[in-house]
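The values are calculated or read from the model by the stated rules, or taken from the named source; none is laboratory data. None of these values were measured; they are calculated from a predicted model. Glycine gets a Cβ as well: all are built from the backbone with ideal geometry, and neighbour counts include every protein chain shown.
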Amino acid sequence: MSSPALTRTPTQTVQAFLDAFARHDIDAAIAVIDPQVSVTVHPLGLHQVGADALREVLADLVRGFPDLVISVSRVITTGDVVTALFKAEGTQSAGYAGAINQEKHLDIDQAWRFVTGGGLITEVTAYWCQTQLYRRLAVKRFDEIAIV
Amino acid sequence: MTEVTQRPRTAESAAGVVTEFFDRYRAHDVEGMTDLCSINAGFCYVPVELWGKQRVLRADGTVGTIGKPLWTGLIASFPNLSNTVHTITSNDDGDVVAEVDIEGTQQLAWGLITPAGRHYREPHLFIFHVGPDLLIDSITAYWNDAGISRQLGHNEVD
């Protein structure tokens, strides 16, 4: 009998990740991630290997914005690559990416590109604009992020 | 009657159109880039937003009205503007996703950034849709504009 992971399509694999992330269930999101996943989050300057790196990215977001809402607008499947376009919205409740908490509202359009294989996500690359993020969090300068 | 034969749209032919688009972009052939797009092709550069006192201007419209002037201005400000295409993936519905580094050395003002002769190189994700006529009918791009600002020596968020 084949494992459930092997029968998942690339779209289903990424949809399972997005659904879990949207309900802040990080364990469920990481369940569809290859332990040796390559993680690149360009706005954070993050390039690492391993599911723990991605777990930390997701946990930081949920910790910083406990009412985080993920609204997926498009999921584009091109072979084993799945690209998800979504908006992340929430109210800051803790420090995030160096920005102190001023209880500002965040709404950022993002694109995450996933590579899948064997029913798991083997590569994640995230794109969003940190200028937009800092603007919404009332940060004035990139070289003095914690000063408002 | 003249019969026009045209390549069918497949994942491969759609990807070929996008490859040609970046070749022309690298050659600073803005007219050629536009020629690969349909007349009302949609255009959205998500990170571009200029906050005024009463409204926010976004790079969201069509290739003809927003994209073409933006590309022309970018090339004027960064005369050695170039791109490196890392991956292109596509499907038979005409969706094409490209990971591309854009780079250049600033010679003229770009937005609020005064020229200091600095170079930037920033990863971009482009999402295209290529129609059945093998013309691009939608371009959307994402990148971290803070990365560009900081590389050009501009540390103010606005």
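Some points to look at:
- Of the set (1) under 25 Å from A:LEU44 (Cα atoms); (2) part of a loop (DSSP other than H, G, I, E, B); (3) more than 11 Å from chain A (Cβ to nearest Cβ), all apply to B:ASP158 but (3).
- Summed over the range B:106-149, the residues that are at pLDDT below 95 and either facing chain A (nearest Cβ under 10 Å) or not in a loop (DSSP other than H, G, I, E, B) (or both) give a count of 2.
- Those residues of the range B:17-48 which are within 28 Å of A:PRO43 (Cα to Cα), touching a residue at least 60 places away in the same chain (Cβ under 8 Å) and in contact with a Phe, Trp or Tyr (Cβ under 9 Å, 6 or more places away or on another chain), in sequence order: B:VAL18, B:PHE21, B:PHE22, B:TYR45, B:VAL46, B:PRO47
- Which listed residue, of A:ALA59, A:ALA94, A:ALA126, A:ALA53, is crowded, with 21+ Cβ neighbours inside 10 Å, more than 8 Å from chain B (Cβ to nearest Cβ), small (Gly, Ala, Ser) and closer than 22 Å to A:HIS24 by Cβ: A:ALA126
- Selection from the range B:89-105 of residues that are at the interface with another protein chain (Cβ under 9 Å from one of its Cβ atoms) and touching a helix residue (DSSP H, G or I) at 6+ places or on another chain (Cβ under 7 Å): B:SER90, B:ASN91, B:VAL96
- Subset of the range A:23-41 (residues that are closer than 17 Å to A:GLN12 by Cα and in contact (Cβ under 8 Å) with a residue 60 or more places away in the chain): A:VAL32, A:ILE33, A:ASP34
- Residue in the range A:45-52 that is among the charged types (D, E, K, R) and closer than 30 Å to A:ILE145 by Cα present: yes
- Set side by side, the residues B:LEU112, B:LEU81 differ, and just one is surrounded by fewer than 17 Cβ atoms within 10 Å (Cβ to Cβ), among the hydrophobic types (A, V, I, L, M, F, W, C) and more than 23 Å from B:ALA11 (Cβ to Cβ), which is B:LEU112.
- Of the set (1) farther than 29 Å from A:THR131 by Cβ; (2) out of contact with any strand residue (DSSP E or B) (no Cβ under 7 Å at 6 or more places or on another chain); (3) crowded, with 18+ Cβ neighbours inside 10 Å; (4) of a type in the set (Val, Ile, Thr), all apply to A:THR13 but (2).
- Test for A:ALA84: is it at negative phi, crowded, with 18+ Cβ neighbours inside 10 Å and part of a helix (DSSP H, G or I): no
- Condition broken by B:HIS86, with the remaining ones in (1) touching a residue at least 40 places away in the same chain (Cβ under 8 Å); (2) under 16 Å from B:ASP23 (Cβ atoms) satisfied: (1)
- Evaluated against (1) facing chain B (nearest Cβ under 9 Å); (2) exposed (fewer than 15 other Cβ atoms within 10 Å of the Cβ), A:HIS47 falls short on exactly one condition, (1).
- Any chance A:ALA138 is in a loop (DSSP other than H, G, I, E, B), more than 10 Å from chain B (Cβ to nearest Cβ) and more than 12 Å from the chain's Cα centre (by Cα): no
- Hey, A:ILE70 closer than 22 Å to B:TYR45 by Cα and without any contact (Cβ under 8 Å) to a residue 40 or more places away in the chain or not: no
- Annotation note: Cβ proximity below 9 Å between a residue of the range B:135-158 that is closer than 16 Å to B:GLY64 by Cα and a residue that is among the acidic types (Asp, Glu) (sequence gap 6+ or interchain) occurs for B:LEU135/B:ASP35.
- Under the condition of being at pLDDT 95 or above and part of a strand (DSSP E or B), the residues counted in the range B:49-86 number 7.
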